[in-house]
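**Student:** Starting off with a structure, shown below.
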Amino acid sequence: MGIKVIEEKCIGCGLCVKVCPFAVIRIENKKAIIDEAGCNLCGACVTACKKFQAIEIKREEQTPQTKDLSAYSGIWVFAEHRDGKIQNVTYELLGEAQLLAKDLNCEIAAVLLGDSGIEKETENLFAHGAQKVYLVCDPELKDYRTAPYTRVITGLIDKYKPEIMLIGATTTGRDLAARMAIRINCGLTADCTGLAIDPERKILLQTRPAFGGNIMATIISPNHRPQMATVRPKVFRKSKIQNPKSQIIRENPNIQTEDLLVKLIEIVKDESAKVNLQDAEIIVSGGRGIGDPKNFAIIEELAKVLGGAVGASRATVDAGWISAHHQVGQTGKTVAPKLYVACGISGKIQHLVGMQGADTIIAINKDPDAPIFKVATYGIVGDVLEIVPLLIRKIQEVRG
Amino acid sequence: MDIIVCIKQVPDTTEVKINPETNTLVREGVPSIVNPFDENAIEAALALKEQHGGKVTVITMGPPQAKEALKQAVAMGADEVYLVSDRAFAGSDTWATSYTLAQAIKKIGKYDLILCGKQAIDGDTAQVGPGIAEWLNIPQATFAVKIEVADNKAKVERMLEEENEIVEIPLPAVITVVKQINEPRMPSLKGMMKAKKSEIPTLSLADINGDPEKAGLKGSPTQVVKIFSPPAKGGGEMLTGEPADIAAGVVAKIKERKII
Ligand SMILES: Cc1cc2nc3c(=O)[nH]c(=O)nc-3n(C[C@H](O)[C@H](O)[C@H](O)COP(=O)(O)OP(=O)(O)OC[C@H]3O[C@@H](n4cnc5c(N)ncnc54)[C@H](O)[C@@H]3O)c2cc1C
Ligand SMILES: Nc1ncnc2c1ncn2[C@@H]1O[C@H](COP(=O)(O)O)[C@@H](O)[C@H]1O
C-alpha cells in the first residue's frame with residue numbers, strides 16, 4: 001500500500017492525528033501509526049508533517065500509462081442547454097478554458113448536441129471563445145438524456161481525442177460526466193472550484209472542496225485522457241473573446257436503440273422558483289431565524305423591492321417552509337450574486353460554501369457570534385422581523 | 001422485488017471544526033454516520049418492499065468499522081447486508097469504488113433496482129451511482145424525489161435546478177435519491193436486537209472476482225496531490241446603533257456600491 005510513516009523522522013507530535021479527516025492515525029510509543037484500511041491517501045497528514053517529512057505516500061503502484069497520451073490535445077467544453085438556450089456555466093467554462101489554453105498552447109472546442117434547432121446556438125459559443133464546435137443534431141438529442149448523450153460524446157472523444165474535458169457541475173453535467181468517465185476509462189474530479197495547468201508536467205490541477213467545504217483538495221489524473229472535471233457554476237468568469245477562425249464540425253449521431261430506454265414524460269415547473277437563482281444578481285435568503293413560514297412574505301418583499309430572487313437555508317427547506325429549489329449551499333445551489341442578504345441564517349459551512357462568492361453580503365442575525373458574520377461585508381446584529389421591514393421602507397424611499 | 005442499496009459510512013461533516021489558530025481540520029471526536037442521503041435510499045427501498053414485496057439488501061464498501069453502518073441498516077429493516085472490504089480497496093476513487101460495488105452486486109446476484117444516495121457528504125461527488133450503472137450496463141435516474149414502480153418499470157421524478165422532470169425507466173436500473181424523497185424511519189427495537197446479534201458477511205476482492213488492476217489505489221485514475229484549508233475569509237463591518245439608522249446606513253452603502 002501507499003502510505004508509510006518513516007519512524008526515524010517521526011517525533012510523535014500528533015499533528016497528523018489532528019488533521020486526518022478519517023481519524024485513522026494514532027500515536028503509540030511516540031510514533032504515528034496509520035490504520036491503512038481506513039486511509040484514503042488524501043495526503044492531509046503529509047502536508048501537516050511538512051516540517052519533519054515523516055509520512056510518505058508512494059504512488060508508483062498506480063497503473064502505468066498504457067495509452068499514448070501525446071495523441072490527445074485541446075480543451076473541450078460540454079455545451080449544456082435547457083429549452084434550447086445554452087446555460088451560463090458553459091460560457092464560464094469557455095472563459096476558464098482560455099486561461100488554461102494559454103499554458104497548453106492548444107485549441108478550445110465546444111461540444112453541442114441537440115435537435116436541428118440548436119445549431120443557431122453555435123454563434124453564442126463562438127462569441128464566448130470556442131474555436132470549434134462539434135455539432136451533433138438528432139431529434140433524440142433535443143433534451144438531455146443520459147444514454148444517448150453519453151454514447152455520442154464518448155464517440156467524439158474516441159475520434160478526436162481531447163486532452164481535457166470540462167463539464168458544468170449541474171444536475172445534468174454530473175449525471176453525464178460520471179457515466180462517461182467509466183465508459184472511456186478516465187479519471188473525473190467532481191465540482192471543481194479551481195483549475196490550473198502544472199507548469200512542468202503540463203497536466204490539469206483540479207481543486208475542489210471536500211468534507212462539506214471544510215478542506216480543499218487538489219486532484220490530478222496524470223495517466224488517463226481526457227482529464228475530466230465537472231466545474232461548479234458561478235466560479236469562473238465568462239469571456240468575450242470572439243475567435244475569427246471559428247469552425248463547425250458536424251458529426252452523425254451513433255445512437256443505438258438501447259440508448260432510448262429511458263423516456264421523458266413530463267416537466268414539472270416549480271412556480272415558486274420562477275426566478276433562476278443561479279443567475280440572479282441579487283438574492284435575499286431566509287433561514288430558520290425568520291421564525292415562521294409566513295415570514296417568507298417579508299423576505300419575498302425585500303427581494304421584490306431589490307429586484308432579486310428568494311433563497312433559503314436548508315433548515316427552512318427541511319421544515320417545509322419553502323421548496324427545495326430555493327436552497328443555497330452544499331446540497332443546494334451555488335450562487336454568486338452582486339448582493340446576498342442572509343436573514344436569520346446561522347452560516348454553517350454547508351450554507352457558506354454556496355454563497356460566499358457573492359460580491360457583497362449583508363447578514364442579519366440576532367446572535368453576534370453567528371458564523372455568517374465571518375463572511376458578511378455588512379453585519380447587522382438584530383431581529384430580522386424588525387430590520388427587514390425597515391430595509392424595505394428605506395429602499396423604497398431611496399428609489400423614490 | 002429485489003433491491004440493493006449502496007451506503008457509505010462518512011464522518012459527520014457538520015461536526016468537523018476548523019481550529020481557528022492553525023486553520024486546520026479538527027477531526028478528533030467527530031462521529032461516523034451513515035451518509036444522510038443513503039438513509040433516504042434505505043427508506044425508499046423499505047417502502048418499495050412494503051408495497052411490492054421482495055428483499056432489501058444493503059451493501060457498503062469500506063474498512064471493518066463500516067459494519068456499524070450496516071448494523072444501522074439492519075435495525076431499520078434491511079433483510080441482508082454485506083461488507084465489501086479488503087486491503088486492496090484502500091485508496092479507491094469513484095472509478096474504482098463503482099467498479100468494486102458493481103462487482104459485489106454481480107456476486108450478490110439478482111436485483112430489480114439499485115438505490116444510492118445522491119452523493120456522499122465527505123466527497124460530494126455524486127459519481128458512484130452513475131458509475132455503478134455504467135459498469136452494470138443498465139439505465140440510471142439520478143436525483144430522484146419520487147419513485148413509483150409498476151410493470152417492471154419505474155416512474156421517477158428527478159429534482160433539477162429549476163424544475164423537476166418525470167422519466168420512465170425500465171428495470172433493472174440505478175436510481176439515486178435526494179433528501180426530499182422521504183423521512184428515514186427510526187430503527188425499531190426489534191430491529192436493534194436483530195442488528196446486535198447479526199453476523200455481517202464480508203466480501204473480499206477474491207470473493208467478488210475483482211480485478212486487482214481495477215480496484216483500490218491501483219485502479220484509481222485520480223490522485224489527490226494536496227489537501228489544504230480553504231483561505232479564511234475575514235469578516236466585514238459590523239453595523240451598530242438604532243435599527244432605523246442601521247437600515248439607512250446599509251441602504252446608503254449598497255447605493256454607494258451601485259447595487260441599487
Ligand atoms: C450533508 C449536509 C448538507 C447540507 N447542505 C446544506 C445546504 O445546501 N444549505 C444549507 O443552508 N444548509 C445545509 N446543511 C445544513 C446546515 O448545516 C445548517 O443546519 C443550516 O444551514 C442551518 O440553517 P439556518 O441557518 O436557517 O438555521 P439555524 O442554524 O437554526 O440558524 C438560525 C439563525 O437565526 C438566528 N435568529 C433566530 N431568530 C432570529 C431573529 N428573530 N432575528 C435574526 N436572527 C435570528 C439565530 O441566531 C441563528 O443563527 C447541510 C447539512 C448537512 C449535514
Ligand atoms: N464506499 C461505498 N460503499 C457503498 N456505497 C457507496 C460508497 N461510496 C459511494 N456509495 C454510494 O454512492 C453514492 C454517491 O457517492 P459519491 O459518488 O461518493 O458522492 C452514495 O450516496 C452511496 O449510495
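**Student:** Looking for something away from chain B (no Cβ under 14 Å) and under 30 Å from A:Asp259 (Cα atoms) - is there at least one such residue anywhere in region A:165-172?
**Tutor:** The answer is yes, given that some residue of region A:165-172 is away from chain B (no Cβ under 14 Å) and under 30 Å from A:Asp259 (Cα atoms).
**Student:** Go over the candidates A:Val17, A:Val46 one by one and state the one that is without any contact (Cβ under 8 Å) to a residue 12 or more places away in the chain, within 14 Å of chain B (Cβ to nearest Cβ), of a type in the set (A, V, I, L, M) and in contact with a strand residue (DSSP E or B) (Cβ under 8 Å, 6 or more places away or on another chain).
**Tutor:** A:Val46
**Student:** Look at B:Leu48 and say whether it is modelled with pLDDT of 95 or more, more than 8 Å from chain A (Cβ to nearest Cβ) and within 11 Å of ligand 2 (Cβ to nearest atom).
**Tutor:** Values: modelled with pLDDT of 95 or more: yes; more than 8 Å from chain A (Cβ to nearest Cβ): yes; within 11 Å of ligand 2 (Cβ to nearest atom): no.
So B:Leu48 fails the test.
**Student:** Among (1) within 11 Å of another protein chain (Cβ to nearest Cβ); (2) touching a helix residue (DSSP H, G or I) at 6+ places or on another chain (Cβ under 8 Å), where does A:Asn276 come up short?
**Tutor:** All conditions pass for A:Asn276, except number (2).
**Student:** Here is a follow-up. So A:Ala37 fits all but one of (1) at pLDDT 90 or above; (2) part of a helix (DSSP H, G or I); (3) over 30 Å from A:Ile241 (Cα atoms); what number is the exception?
**Tutor:** (1)
**Student:** Would you mind telling me which numbered condition in (1) surrounded by fewer than 23 Cβ atoms within 10 Å (Cβ to Cβ); (2) under 21 Å from the mean Cα position of the chain (by Cα) A:Glu119 fails?
**Tutor:** Exception for A:Glu119: condition (2).
**Student:** Just for strands (runs of 3 or more DSSP E) wholly inside region B:69-174: which have at least 2 residues that are β-branched (Val, Ile, Thr)?
**Tutor:** Qualifying strands (runs of 3 or more DSSP E): B:80-84, B:140-150, B:163-170.
**Student:** Related question: Is at least one residue of region A:245-252 among the aliphatic types (A, V, I, L, M), part of a strand (DSSP E or B) and touching a residue at least 12 places away in the same chain (Cβ under 8 Å)?
**Tutor:** Filtering region A:245-252 for residues among the aliphatic types (A, V, I, L, M) gives A:248-249.
Now restrict to residues that are part of a strand (DSSP E or B): A:248-249.
Pick out the ones that are also touching a residue at least 12 places away in the same chain (Cβ under 8 Å) and you get A:248-249.
Yes: one or more hits.
**Student:** Same structure, new question: Name the residues in region A:316-343 that are out of contact with any Ser or Thr (no Cβ under 8 Å at 6 or more places or on another chain) and closer than 22 Å to B:Thr13 by Cβ, would you?
**Tutor:** Within region A:316-343, A:Thr316, A:Asp318, A:Ala319, A:Ala324, A:Gln330, A:Thr331, A:Gly332, A:Lys333, A:Thr334, A:Val335 meet the criteria.
**Student:** Return the residues of region A:309-331 that are away from ligand 2 (no atom under 16 Å from the Cβ) and at the interface with another protein chain (Cβ under 10 Å from one of its Cβ atoms); say none if nothing qualifies.
**Tutor:** Once the filter is applied, which keeps residues that are away from ligand 2 (no atom under 16 Å from the Cβ) and at the interface with another protein chain (Cβ under 10 Å from one of its Cβ atoms), region A:309-331 yields A:Arg314, A:Val317, A:Asp318, A:Gly320, A:Ser323, A:Ala324, A:His325, A:Gln327.
**Student:** Continuing with this model, one more query. Restricting the search to region A:356-383, which residues are under 22 Å from B:Glu256 (Cα atoms) and among the β-branched types (Val, Ile, Thr)?
**Tutor:** The answer is A:Thr360, A:Ile361, A:Ile362, A:Ile364, A:Val375, A:Thr377, A:Ile380, A:Val381.
**Student:** Pull up region A:279-300, narrow it to residues that are within 14 Å of another protein chain (Cβ to nearest Cβ) and in a helix (DSSP H, G or I), then point me to the one that is nearest to ligand 1 (Cβ to nearest atom).
**Tutor:** A:Ile298
**Student:** Checking A:Ala32 against (1) touching a residue at least 40 places away in the same chain (Cβ under 8 Å); (2) buried (at least 21 other Cβ atoms within 10 Å of the Cβ); (3) away from every other protein chain (no Cβ under 11 Å), which single condition isn't satisfied?
**Tutor:** (1)
**Student:** Also: Keeping to region A:79-115, report how many residues are surrounded by fewer than 24 Cβ atoms within 10 Å (Cβ to Cβ) and either among the polar types (S, T, N, Q) or outside the structural domain of A:Ala177 (by TED's automatic domain parsing) (or both).
**Tutor:** Residues flagged as surrounded by fewer than 24 Cβ atoms within 10 Å (Cβ to Cβ) and either among the polar types (S, T, N, Q) or outside the structural domain of A:Ala177 (by TED's automatic domain parsing) (or both) within region A:79-115 amount to 4.
**Student:** Somewhere in region A:308-324, is a residue free of Cβ contacts under 8 Å to residues at least 12 places away in the same chain and under 19 Å from the mean Cα position of the chain (by Cα)?
**Tutor:** So far as region A:308-324 goes, yes, one or more of its residues are free of Cβ contacts under 8 Å to residues at least 12 places away in the same chain and under 19 Å from the mean Cα position of the chain (by Cα).
**Student:** Would you say B:Ala232 is small (Gly, Ala, Ser) and either part of a helix (DSSP H, G or I) or at pLDDT 95 or above (or both)?
**Tutor:** no
**Student:** Which number in (1) at the interface with chain B (Cβ under 8 Å from one of its Cβ atoms); (2) over 22 Å from the mean Cα position of the chain (by Cα) marks the one condition that A:Thr360 misses?
**Tutor:** (2)
**Student:** Okay, moving on. Here is a list: A:Val375, A:Val310. Which entry is closer than 28 Å to B:Thr125 by Cα, modelled with pLDDT of 95 or more and not charged (D, E, K, R)?
**Tutor:** Going through A:Val375, A:Val310 in turn, just one is closer than 28 Å to B:Thr125 by Cα, modelled with pLDDT of 95 or more and not charged (D, E, K, R): A:Val310.
**Student:** On the phi > 0 side of the Ramachandran plot and in contact with a Leu (Cβ under 9 Å, 6 or more places away or on another chain): is that true of A:Gly84 in this structure? So that I can check it myself, show each step before the final result.
**Tutor:** Values: on the phi > 0 side of the Ramachandran plot: yes; in contact with a Leu (Cβ under 9 Å, 6 or more places away or on another chain): no.
No: the conditions fail for A:Gly84.
**Student:** Looking only at region A:343-369, filter to residues that are of a type in the set (A, V, I, L, M, F, W, C) and under 23 Å from A:Ile215 (Cβ atoms); which one of those is nearest to ligand 2 (Cβ to nearest atom)? Walk me through it before giving the result.
**Tutor:** The initial filter retains those residues of region A:343-369 that are of a type in the set (A, V, I, L, M, F, W, C), namely A:343, A:345, A:349, A:352-353, A:355, A:358, A:361-364.
Of the ones still in play, those that are also under 23 Å from A:Ile215 (Cβ atoms) are A:345, A:349, A:352-353, A:355, A:358, A:361.
Numbers: A:Ile345: 25, A:Ile349: 17, A:Leu352: 20, A:Val353: 15, A:Met355: 22, A:Ala358: 26, A:Ile361: 28 Å.
The selected residue is A:Val353.
**Student:** Can you name the condition, by its number, that B:Asn209 falls short on among (1) crowded, with 18+ Cβ neighbours inside 10 Å; (2) more than 16 Å from ligand 1 (Cβ to nearest atom)?
**Tutor:** It fails just one condition, (1).
**Student:** State all residues of region A:232-257 that are more than 30 Å from A:Val335 (Cα to Cα) and away from every other protein chain (no Cβ under 13 Å); if no residue qualifies, say none.
**Tutor:** Hits for region A:232-257 are A:Pro244, A:Lys245, A:Ser246, A:Gln247, A:Ile248, A:Ile249, A:Arg250, A:Glu251, A:Asn252, A:Pro253, A:Asn254, A:Ile255.
**Student:** Filter region B:54-88 down to the residues that are touching a Lys or Arg at 6+ places or on another chain (Cβ under 7 Å), within 14 Å of chain A (Cβ to nearest Cβ) and closer than 23 Å to B:Met1 by Cβ and list them by number.
**Tutor:** Answer for region B:54-88, where residues must be touching a Lys or Arg at 6+ places or on another chain (Cβ under 7 Å), within 14 Å of chain A (Cβ to nearest Cβ) and closer than 23 Å to B:Met1 by Cβ: just B:Thr60.
**Student:** Looking at (1) away from ligand 1 (no atom under 16 Å from the Cβ); (2) within 7 Å of chain B (Cβ to nearest Cβ); (3) among the aliphatic types (A, V, I, L, M), which is the one condition that is false for A:Ala229?
**Tutor:** Every condition holds for A:Ala229 apart from (2).
The values are calculated or read from the model by the stated rules, or taken from the named source; none is laboratory data. Small disclaimer: the values here were computed from a predicted structure and weren't measured. Methodologically, a virtual Cβ is constructed for each residue, glycine included, from the backbone with ideal geometry; neighbour enumeration extends over all protein chains shown.
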